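Chemist: Mind having a look at this structure? Questions to follow.
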């Protein structure tokens, strides 16, 4: 892969992470104090973790606090979607 292609991919990943953070803030603000596992927050945390992993600043893992309480198969499906750009 050429450096330009890597820069384009990294730019897309950063934009996705920023969008995920914005959505997370909105979802948290609209949550109205409801507690429990939040699939949206989990997927967004996975997206942010993936961006960090692409930048070499972290390992991509599914063991995130935002994913606690969700079924393991759902978390794995989210991880696969994130890695495939979904």
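Chemist: What does the extension gain come out to for residue 64 and residue 80, with contour length at 0.36 nm per residue minus their alpha carbon separation?
Modeler: 4.3 nm
Chemist: When ranked by the protection proxy of mean other Cβ atoms within 10 Å per residue, highest first, what sequence do the peptides 42-48, 77-83, 59-65 form?
Modeler: 42-48, 77-83, 59-65
Values in this text are rule-based calculations from the coordinates and carry no lab data. Everything numeric in this text was worked out from a predicted model, so none of it was measured. Here Cβ is always computed from backbone atoms with ideal geometry, including for glycine, and neighbour counts include all displayed protein chains.
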